[in-house]
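J.: Below is one structure. I have some questions about it.
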């Protein structure tokens, strides 16, 4: 059994990591930290875990913490992560970091969108943890930067097209819609039930921090610099992201071509499902699972391709992908702990 | 008192017309038709109307129906409308048609997206009922084609820019999200609570019938032909449409310029509200009202403008705008019956 | 025009008072207080009020505040209310208090369920503001204690039976379910969207503070002391309370008898609607309105009567009833400002 | 591997059986029937099952069907079940029937609440499939009558008290609230999203068909005849039932006593979880799992006990309990396929 540590266990991502790891045959949760709930059972914070996990939240000093597990999930806000991740690495531990701190290759870009970076020397080493694209490198990494939820949905939607030079990279628009769990479990008025339910809004139009991360990874795929329009919206659902992505086609391809392209690109990927022609994905069909479902449409009237992708933001967009990455860095079967079936209705 | 007739009273739009007209000081509902519920009080079909309206649903022959009111709202499916509207006009009555049958100027375009048209001779006469753009013509019309819900949200968002030649018309993308009441009150599995709640999906990508209507009206504003990408999505809310509209700027304008442009364009419009800079609209803030709220963002990174507009699809997107049109053709104050305050939370 | 003051304008009840009063022909909102949002327009706190109200939130000293209006709505937490209400009364103003502070006649009972009372001398004078039962006394009152939301739904359901000695008062059980707006707009984890949506729970079983208020008013109706079981639950909806009330029948009455009893009792009440036999009310049919809908069932198998009542907790359960009370104490038509139609769907 | 047959695979219960059985190590779904979707993959009916199950819906003649599997789940409406179940039994197969047809011991009672019974001779043999109460008998049964969803939640809540003679059986009231998936996947207006969302209602007050089933099983536990009040309500959630159960205590017991009683009664039950004192269960904490969570409150003011129980109506209330029963009759570990963790948020 591998000993896993969850740093920041009381957020929604922490709860989800606990849910998934409790189903994993080769992992035990050895330590779970939470300042706010130190001393409480995690099942008091999350009653759905009663009878599943007996773990108690602790506020452990970093010096002690490094010895308590073999692999660490840092499910903490950006800025906090950069302070603690180096300690784990220096103690020879493996880390899957769920914050944004090690996702951006270029420290200057990070510092423009976030704040000063205190652990720049690890940026080169960190591997961007999208297994469908970077499986090899992840497998030998010590530090995996687990992708953001929006980026995961957008990058997987566009990868086959960009990799094959099919679209005009100046025309990419990603219109994304996220469930409210993406906002975390902090008590703020904007996330109250009455503010969110039976409603819908856009936010941070043209200014969301996931923008540079998306552009960086898309640029690698396209092998050229690019700038996109990215608009996030808030859905009155708990879990799920749907991204509708538009791009002008550079080459003359039809619906059949694009389908074959995607089928070939993702043919060995257990966690990517393509919708039949004429069908488009829905967030409720991936709820609670690690799937990314993608629908494809070549619109001949406009010369654009329209891609629609969905994930569960807490699973493929966070905790599930983190476990997928952990499986890779620990040499396990990539699907362990993730064989759940989506919950519908 | 003007006598109003509601043809198709038992759909959501019919119920909403009843709600609004019951607040109107100069109108009485003289007849309400419904095949399915003939003989029943409308308040049995819609218990929220108990004590508000005593009207009984009837299945009235068209020959008799024409005499029962002075102005008719035809809240029936397209195809049905084109069969009955001529009878009202020929009897000298005024009509606000809420179907798509008289919205498309060119019968060939209509027939390509819908089906054969049996009342082409009235297409020229019908006025597209968007009062903010066509107030004068509506005021003297006999037949008003009440706009579609998606088109209303998109056209009002783009009008000031197109009218002033500000954007490259080849780059327009409208990503729209609608509440489920837009699907009507028919019993179909896809609209069941369990299929829709806690979920989100795209549908009819690149093929929705509102596309030609949107393109026609935008083309008039831009004074040039244009083709857009339009993607509708289904929101797990009852009421509300939010459209996120993207276009590349043709001229060098900044946030301040665009704000002034919109303020000038809509300065006398009671039902259009502009969000403060940095704020974007939310469907819940227009719930139950005739408002269209618009947020504006010039994204200098990409050279695009991003517009976000919201309406209540049953009010400004249907029954409310229909009453606004009726007020115009009957010579009433345009706001009568529509002074309700949005219901939040 | 009467000048109204809203003390505590930024809570959900304050927003709702603003919505309703803006529709009132004889009232202007002269002052709206909020510590948290002082200096901001209320329409920045509540964007749905943009274009409706230009009022600016202020943090006004009580000494100055008393002169700014003729009638005050105190929409503040209990304990705060008892500190400020006396100032208004001493300045000769009228007050509708929406807190619990003046609802309980017996200070000892209040102090057992709440905390020490600092304005006991006004308890006798305060009139319990349920117009359907206390219209006369309210009309001549200076201080109206606006009823709690749960109590309103339960008392109106039981009043005809208790007034006529029809039920065994030892057997009353009220199982109530409330929308989340009843929890207010404070930022707490338990009211977050993700905690509430797609879920349902009971809370404060047998210990909710509305219990003594309900028992007090039911006892007056029954003319005997009584103790009830009251269980509140939290619904994943914004607005609405539904109470299911059980009691054993003392007399041999059937469905027809009970219907006639309720029809007679409420025959002149505009805001109470009885459901037809076999139908039961739903919260969505009173949404946004001041109605209380009641369904009735005599269950001959068990000898019990089952009553189901619904209100909008922010309207008939708070702001709407408060305006109804203000209309009475100011000598206006009781329905002014409250003629809205429920919003469905 | 055991071959399982799902009769009626396209309803919500059928979909849920497929989800659960796909996780079962010793079972394969050998045949899935659906008239409406015959010839379609089940994953076309339920896209969440894409990549999980390749099963194709068939319309198989009963004569052929009996040979296609070893154990059958009949997830069909009552009345249909009684026609087909005998064929399976006569062919030597085992059956878990999810309809109501074999739950009522007394044919006369069944016929009073449902319709004539055509397979009375199997009523005696059928075992009521609540494993926590009838484990032994189920283990040796050929025909298990899988309990109704409401009855499961109510019987598990009351069993320890009734078994120990603690309550006055004339005073039992069960106020239950169910998610909308309980209404099935049939297309009817009352289950449309817009009719259900943001709302709440009671239905079939005092007349729901689960009443005799509940009374029958409670009577066995209490060892005396009894009559209860049972009121179902419709929640705007997909999954989940919460029952609030009231009864007057016959003996003088306090909170501590009752807790010990329940702990002893359920101490070996994996799928029953007791909430800590002062906590009450919520449907979202059992979502997607086979748990029944129970909260307990002795209310000394009224001499009543209040029990609050929650289940996922599609799992412990239907498909999960059916698999639990199948495990028993097939000699498997009772928890196989059911080790999922509740999905929250």
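Values in this text are rule-based calculations from the coordinates and carry no lab data. Since this is a predicted model, take the numbers as computed values, not measurements. A quick note on method: Cβ atoms are made from the backbone with ideal geometry, for glycine too, and the neighbour counts reach across all protein chains shown.
J.: Order these by the 10 Å Cβ neighbour count, fewest first: A:24, A:210, D:233.
T.: Starting with the residue having the fewest Cβ neighbours, the order is A:24, A:210, D:233.
J.: Using a Gaussian network model of chain D with C-alpha springs under 10 Å, which one of D:325, D:268, D:59 is most mobile by mean-square fluctuation?
T.: Highest fluctuation among the options: D:268.
J.: May I pose another question? For the stretch A:46-105, calculate the relative contact order in percent as a whole number, restricting contacts to Cα pairs under 8 Å that are 6 or more residues apart.
T.: 34 percent
J.: Mark the label point 7 Å from the Cα of residue D:224 along Cα→Cβ and return the residues of the stretch D:243-259 whose backbone N is within less than 14 Å of it.
T.: Only D:248-251 fall inside the zone, counting backbone N under 14 Å.
J.: A further question follows. Taking each residue in D:48-55, count the Cβ atoms of any other chain within 10 Å of its Cβ, then average. What number comes out?
T.: Mean inter-chain Cβ contacts per residue within 10 Å come to 6.
J.: Follow-up question, since we're still on this one. After finding the eigenvalues of the alpha carbon gyration tensor for the stretch A:150-313, what semi-axes result from the square roots of 5 times each, listed largest first in whole Å?
T.: Three semi-axes, in Å: 27, 18, 14.
J.: Based on the mean of other beta carbon atoms within 10 Å per residue, what is the order of D:90-100, C:2-12, most packed first?
T.: C:2-12, D:90-100
J.: How many percent of DSSP beta bridges within the protein assembly as shown run antiparallel, rounded to 5?
T.: Within the protein assembly as shown, antiparallel bridges account for around 50 percent of the total.
J.: Please figure out what share of the DSSP beta bridges in the stretch B:1-128 is antiparallel and state it in percent, rounded to the nearest 5.
T.: Here the antiparallel bridges make up roughly 5 percent for the stretch B:1-128.
J.: Just for the Cα atoms in the stretch A:261-345, what are the lengths along the principal axes, largest first, rounded to whole Å?
T.: Each principal axis gives a Cα extent; for the stretch A:261-345 these are 48, 30, 18 Å.
J.: Determine one quarter of the surface area of the Cα convex hull of the stretch B:62-125, which equals its mean projected area, and express it in nm² to one decimal.
T.: 4.0 nm²
J.: Per residue of A:166-174, what is the mean number of Cβ atoms on other protein chains within 10 angstrom of that residue's Cβ?
T.: 2
J.: Let me ask something additional. Rounded to whole Å, give me the distance from the Cα center of the stretch A:45-121 to that of the stretch C:47-86.
T.: A separation of 47 Å, based on Cα centres.
J.: Compute the whole-percent fraction of alpha carbon pairs in chain B spaced more than 38 Å apart.
T.: 13 percent
J.: Per-residue counts of other Cβ atoms within 10 Å, averaged by peptide: what ranking do you get for A:331-342, D:106-117, highest first?
T.: A:331-342, D:106-117
J.: What value, in deg cm²/dmol to 500, does the helix sum -39500 (n - 2.57) over DSSP H runs of n ≥ 4 give at 222 nm once divided by the residues of chain A?
T.: Helix contribution divided over all residues of chain A: -8000 deg cm²/dmol.
J.: Okay, moving on. Would you order A:235, C:249 from fewest to most other beta-carbon atoms within 10 Å of each residue's own beta-carbon?
T.: The fewest-first ordering by Cβ neighbours comes to C:249, A:235.
J.: Return the average number of partner chain Cβ atoms within 10 angstrom of each residue Cβ along peptide D:277-287.
T.: Whole-number average of other-chain Cβ neighbours for D:277-287 is 6.
J.: Rounded to the nearest whole Å³, what is the per residue volume of the convex hull around the Cα atoms of the protein assembly as shown?
T.: Here the figure is 177 Å³ per residue.
J.: Over what distance in Å are the Cα centres of the stretch D:135-190 and the stretch A:151-172 separated?
T.: The stretch D:135-190 and the stretch A:151-172 have Cα centres separated by 52 Å.
J.: Follow-up. Which FRET efficiency, nearest 0.05, do residue B:259 and residue C:28 yield, Cβ-Cβ r, R0 22 Å?
T.: Efficiency for this residue pair is about 0.10.
J.: Moving on. Using only alpha carbon pairs under 8 Å that are at least six residues apart, calculate the relative contact order of chain C and give it in whole percent.
T.: It rounds to 17 percent for chain C.
J.: GNM on chain D, C-alpha springs below 10 Å: top fluctuator among D:144, D:298, D:189?
T.: It is D:189.
J.: Something else: Say we join alpha carbon atoms closer than 10 Å with springs in a Gaussian network model of chain A; which of A:151, A:77, A:212 then has the biggest fluctuation?
T.: The residue that fluctuates most here is A:77.
J.: Given R₀ = 30 Å, what would the calculated FRET efficiency be for residue B:204 paired with residue A:251, taking r from the Cβ atoms and rounding to 0.05?
T.: 0.70
J.: Right, something else. May I have the extent of the alpha carbons of the stretch B:1-127 along their three principal axes, as whole Å values ordered from largest to smallest?
T.: Result for the stretch B:1-127: principal-axis Cα extents of 46, 26, 25 Å.
J.: So for D:82, D:326, C:166, A:1, fewest C-beta neighbours within 10 Å to most, what's the order?
T.: In increasing order of surrounding Cβ atoms, one gets A:1, C:166, D:82, D:326.
J.: Still on this model: In chain C, what percentage of the DSSP-assigned beta bridges are antiparallel, given to the nearest 5?
T.: 45 percent
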